[in-house]
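Notes for the one structure printed next.
The values are calculated or read from the model by the stated rules, or taken from the named source; none is laboratory data. Every value quoted in this text rests on a predicted model; they were computed, and no experiment measured them. Note: ideal-geometry Cβ built from the backbone for every residue, glycine included; neighbour counts use all protein chains shown. Remember, those area values only see protein heavy atoms, side chains included, never the ligands or the DNA or RNA. Shrake-Rupley method; radii C 1.70, N 1.55, O 1.52, S 1.80 Å.
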Amino acid sequence: MDLAFREKVNNLPEPVKNVLLSDLPTQTVHGVGTSYGIALDGRGKIAKLIGLVFVNDAPLEKMPEIFQRELPAPMEIANGLSCALAKTIFLPLKQYFPNIESLIQNWSRTATPPTHKAELLELEENNSAPIQNETPKPAPQEIANQTIASAINQKPEIANQKITESPIRLPDSESPRLPSIGNWLTDYAKFRTGFPEQDLALVRMRYIYESQNGRALKEQERVALNQVLKSFDEQIELPFSKETGLLILEKPMPSAPAPKSAPAQPIPQPQPPRGVPISGLPQKPTYQPPPSSIPTKDAYKEPVSSEDLSGPVLQAPKPTPKLEGNIVNLRKDFNQQ
């Protein structure tokens, strides 16, 4: 994004800025997008709109109309997406979005409920397990915390540790390469140069979901890769085993598969209303209807409970965003294999 957007982010109230630059928007967009059957490029549009809403470049109350036009999606789906996103991201910040409660009430009257099981990018320690069977989680006294850059500089063989399963391709080579930490960082560093003015949290999300190598990942692998890239960008410390010297990566428990349902019936697409366009978004259709029949307006009228509108008390993480990027002088040779 341009310099003007970055300045607007810096000028946001601290609680709002901390939420925007945290993992919460990424996790929510992924979970909600999955539950409504939104394709990866559609989730990218959702994430971009949320960023624009945070800095007041797009009106919050127009989210359903923009989703209807840009995904595109029927208004019932657009209202459902808006409700789910607003309850998790914006409702806890209702001090800064004072009309959020009334908007949720209005959208919920004609919202279609999700038909897929949501997949969340859970990073909490108590909901995770080691991603590599050969690297069990050591006892607390056997863990050394340091950044990924510092670890590789001290112990170059860490760059050869695999963090995903399938081989990847690097920009300067047509041959498949080992999906190691070093090769992933090399590919990401090249990708990142194409977005010099964009916030690094958004660049990571785009890389994980839109790049050639990222699109092939499983969700558990995206969680592990996100930890490595965040440490690379923001100098976040990660746990390393003192015994093996390897990075200890964690992933959420796999979700149960969504139940099969009847094929969706064709839905006539309404004419999109005139609204606020999202600059730079492609206009090709990306919405994929979920595999179930979508009820009519009168078939789903979910009441909004007082518990929904009270909102959770959000303890927003307070990272130290480095919007100018962070070029880490890793060893020149990542021991690519």
*asked:* Any residue at all in region 75-97 that's closer than 20 Å to Gln198 by Cα and hydroxyl-bearing (Ser, Thr, Tyr)?
replied: no
_Selection within region 207-216 - surrounded by fewer than 19 Cβ atoms within 10 Å (Cβ to Cβ) and part of a helix (DSSP H, G or I)_ = Glu210, Arg215, Ala216
*region 8-24 residues that are touching a residue at least 40 places away in the same chain (Cβ under 8 Å), paired with ones that are of a type in the set (Ser, Thr, Tyr) and not in a helix (DSSP H, G or I) (beta carbon under 9 Å, 6 or more apart)*: Leu12/Tyr96; Pro13/Tyr96; Pro15/Tyr96; Val16/Tyr96
*Among the residues of region 171-197, which ones are open to solvent by less than 10 Å² (accessible area, probe 1.4 Å) and either in contact with a Cys (Cβ under 8 Å, 6 or more places away or on another chain) or of a type in the set (Val, Ile, Thr) (or both)?*
Ile181
*Residue check for Ser128: modelled with pLDDT under 90 and among the small types (Gly, Ala, Ser)*: yes
*Do we find a residue being over 17 Å from the mean Cα position of the chain (by Cα), open to solvent by less than 60 Å² (accessible area, probe 1.4 Å) and closer than 23 Å to Leu40 by Cβ anywhere in region 155-165?*
yes
_Residue ranges of helices (runs of 4 or more DSSP H) in region 5-119 with at least 1 members of a type in the set (Gly, Ala, Ser)_ = 24-35, 40-54, 75-85, 100-108
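Conditions tested, residue by residue: (1) farther than 30 Å from Ile236 by Cα; (2) open to solvent by less than 20 Å² (accessible area, probe 1.4 Å); (3) in contact with a Lys or Arg (Cβ under 6 Å, 6 or more places away or on another chain).
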{"site": "Ala58", "(1), (2), (3)": "yes, yes, no"}
{"site": "Gln68", "(1), (2), (3)": "yes, yes, no"}
{"site": "Glu76", "(1), (2), (3)": "yes, no, no"}
{"site": "Ala86", "(1), (2), (3)": "no, yes, no"}
{"site": "Ile100", "(1), (2), (3)": "yes, yes, yes"}
